[in-house]
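Quick notes on the structure that follows.
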Amino acid sequence: MKTPKNDFFRDCRQLIALVQHKRPTTLPTALLTAVLESAFPFVNIIFGALILDHLLTGDEGVMLLVWWMIGLDFALGCSSRVLRWYCRAEALTADELALGAMTEKCMTMDYQQLETQETMDKKARAEEGCTSRGSFFEFVWNLSELLGHGLTVLYALITVSRLFVSSSLPADVNVWVQTLNSPWLALAAVALALAAPLACVPLTKWANRVNLEWYNINVDGKRRWGALSRVVQDYRQGKDLRTYRISDMLVDKYKRVVDTFCKHAKTFGMRTQAIQSLVAVVNLTTVLIAYLFVGLKAMVGLITVGMVSMQVGAITALAGAVREAVALVGCLDLQRKYLKEYADFLAIPSEKYNGTLPVEKRDDGDYNLEFRDVSFRYPNQEQWSLRHVTCRLPKGRKLAIVGPNGAGKTTFIKLLCRLYDPTEGEILLNGIDIRKYDYGEYLSLLSVVFQDFKLFSMKLGENVAASMDYNPQRVWACLEKAGMRERTEKMEDGLETDLYQQKEDGVEISGGEAQKLAIARALYKDAPIVILDEPTAALDPVSEFEIYSRFGQMVEGKTSVYISHRMSSCRFCDLVFVFDGGAITQRGTHEELLNQKGGLYAQLWQAQAQYY
C-alpha cells in the first residue's frame, strides 16, 4: 500500500507532466525566476552590511560597493520581473488550456457516463479544484517558490556561517564574552530561531484540513448556487417565472443556499484568522531571537555594526524561508488534492467498447439493422426500459414508432445511436454487432433529430452544416426541404445570421423554426439512415402538413425511423412498431393495425381521431 508521502510525489509528478504537456516553458521559467528572486534580498543584506562598516570605519571604496549593489539590484530585479511576467502569462494560458481539456473531455466521453450524477459531481469538483482552489498557475508558482525558499536557506546558512567562527580573545576576557563567542551558542541560537517556524507544521496541517473542509462545502454550495442563477438569468425562463410567480420560491431557495454558504464562510474565516494570528506570533518570536543574540554579540564587540545588520537579516531570512517552505509543502499538498480531482476527471476511462471494423461504404444504402433479444435498463435503475426487443428495421423504407409515454421509444433510438449499449442482447448491422464497428464510422450512417435537440448560438449556416466550413448551396437546398428557406431569406444576414441573443445582434427564432433547422441539419448530413424523434411537435398544422407531404422526398431511398405521438404521421410510413412497457406489442402497416380491434394502436388512433 502506498504511503501518503508516495502519493504526494506521485501526484505532483502527474500534475507537472500535465503542465509540461500544456505549456512546456512554464515550469522552467518559474524555476529560473525563483532562483533570481531568492538571491535578490541577499544582495542588499550583504552589500548593505559592507557599506555600513565602510562608512563607520571611514574606508574608501564605499561608492564602488554602492554601485555594485545598485547594479546587481537592477539586473536581478529587471530579469526576475520580466521572467515573472512571462511565467504568469504562460501559466494563465495553461489554466485556460486545462479548462479547455475539461470541455473536450465532456464532448468525447461516453454519453452514458456523462449523463450520470456521479460524473457531474466529478466535473463540478474538477472545475472548482482547477480554478478557484488550486489553479495550475498557483501550483507551478508554488513549486518554483519552494525551490526559491530552498535556495534562500542555502544563501542564509552561508551568510550566518560566520557566526560559528570564534573570534580570538584576550586571556583575561570574562566568562560572559567567552560564552557569546562560542560557536555552539551560535548554533543553538540559529537552531532556536529555526525551531519557531518548524512549530508551524501542525498549524499548516490544521489550515489544510480547514481549507479542504471548506472546499467540499464550497463545491456543493456553488453547484446549487449556479443552478439557481442559471434559471434566473436565462431569459427563456422568464415567461414561466412571471406567469406562475415562481420568483418568490426561487428567491427563498437562493437565500437558503446563500445563508448556509455565508454561515460556513464565517466559520472558515474565523479559523483562518486564528491560524494567521498564531503564525504572526511565531514570526515575531524568530525576529526577537535573532536580534537578541546578534545584538548581544555586537554589544561586547564580537561583531561589527554592519555584521549585526547582515546576520539579523540572514537569520530572519533563514527562519522565514523555512517557515514559508513548510507552509508551501502543506499548500502544495492541498493543491495537488484539488488538482487531482481534475486529473482524475480527465482520466475517467471509456466504458464503451470501441471497435475497429470499418463500415462498408454503399451507394445503394443497403444497411440492415437488427435488434436481437435486446434488453436495457439505465445505470443505477432496477426497472427495465426495454425487454426482449427483437426486430429488423425495414431497409430503405419508412418506419413509424408509436406508443404511450415511457414505453421505451426514445430508449430504442438511444441504443440504435450507441449512446448506450444493450444490457442484454445485441444490435447488428449487416449481421455484425455494432460494437465491433469503429464508433465514428458507425455514427456517420445516422442523421438524427432528437426530441430534445439543441441548436447553438452560432451562425445559421453553421448550425445546419454542423461545421464552420459548409456548402451554401447544400444548406439552402436542405432549408427548402425543411420549409425554412423563405424565413432565412428574410433575415438580413441570411446564412450568416447569428442565432439567439447570446450573440450581439443575434436573432431569436421560434420553437417551430428551430425544429425546421434541426430537420435541415439532419438532411444536410445526408446519412443513409434518418431518425426523427417527434420532429413536428413544435410545428403548426400547416407546417406539419408540409413536412409530411415532403417526407417521402426528404428520405427517398433511405431507411427512416419516425417517432411521434401524432398518429396521423403513421399513414406516411410503410411499417409501424407499437411499443408498450418496453416491448414491441404490435407491428404492421397502418391499415393492418387499425383493423386489429381492441389493439393498442387502434385505441391510440381512436383517442386522437375523435377530436377531428
task = Just name the residue that is nearest to E115 (Cα to Cα) out of those in the stretch 372-400 that are free of Cβ contacts under 8 Å to residues at least 60 places away in the same chain and assigned to a loop (DSSP other than H, G, I, E, B).
result = Y378
task = Name the one entry in F577, F572 that is touching a Cys at 6+ places or on another chain (Cβ under 7 Å) and of a type in the set (F, W, Y).
result = F577
key: Every residue from the stretch 580-612 that is surrounded by 20 or more Cβ atoms within 10 Å (Cβ to Cβ) and either under 12 Å from L399 (Cβ atoms) or in contact with a Cys (Cβ under 7 Å, 6 or more places away or on another chain) (or both)   = I584, H590
inquiry  = What's the total number of residues in the stretch 500-526 that are in contact with a Phe, Trp or Tyr (Cβ under 7 Å, 6 or more places away or on another chain) and within 21 Å of I547 (Cβ to Cβ)?
reply    = 1
task = Assess whether Q596 counts as being in a helix (DSSP H, G or I) and over 47 Å from the mean Cα position of the chain (by Cα).
result = no
request  = For the stretch 483-498, enumerate the residues that are of a type in the set (S, T, N, Q) and within 16 Å of D469 (Cα to Cα).
outcome  = T497
inquiry  = Among the residues of the stretch 409-426, what is the count of those that are closer than 16 Å to Q381 by Cα and within 33 Å of the chain's Cα centre (by Cα)?
reply    = 5
query = Any idea how many residues of the stretch 105-119 are in contact (Cβ under 8 Å) with a residue 24 or more places away in the chain and in a helix (DSSP H, G or I)?
reply = 5
key: Residue count, the stretch 511-533 (criterion: over 33 Å from the mean Cα position of the chain (by Cα) and in contact (Cβ under 8 Å) with a residue 60 or more places away in the chain)   = 6
task = Just give me the residues in the stretch 120-137 being assigned to a helix (DSSP H, G or I) and either of a type in the set (S, T, N, Q) or modelled with pLDDT of 75 or more (or both), in sequence order.
result = M120, D121, K122, K123, A124, R125, A126, E127, T131, S132
key: Candidate set: the stretch 39-68, residues that are hydrophobic (A, V, I, L, M, F, W, C) and out of contact with any helix residue (DSSP H, G or I) (no Cβ under 8 Å at 6 or more places or on another chain); chosen: the one modelled with the lowest pLDDT   = M63
task = Restrict the check to the stretch 433-443 and report whether at least one residue is farther than 16 Å from G581 by Cα, surrounded by fewer than 21 Cβ atoms within 10 Å (Cβ to Cβ), touching a helix residue (DSSP H, G or I) at 6+ places or on another chain (Cβ under 7 Å) and not small (G, A, S).
result = yes
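Is at least one residue of the stretch 436-452 more than 26 Å from K361 (Cβ to Cβ) and either assigned to a helix (DSSP H, G or I) or at pLDDT below 90 (or both)? Even if it seems obvious, please write down each step before you answer.
If we filter the stretch 436-452 for residues that are more than 26 Å from K361 (Cβ to Cβ), which is where we start, we get 451-452.
Filter once more, keeping what is either assigned to a helix (DSSP H, G or I) or at pLDDT below 90 (or both): 451-452.
Yes - at least one qualifying residue is present in the stretch 436-452.
The values are calculated or read from the model by the stated rules, or taken from the named source; none is laboratory data. Quick caveat: nothing in here was measured; it's all calculated off a predicted structure. Using ideal geometry, Cβ is built from the backbone for each residue, glycine included, and neighbour counts are taken over all protein chains shown.
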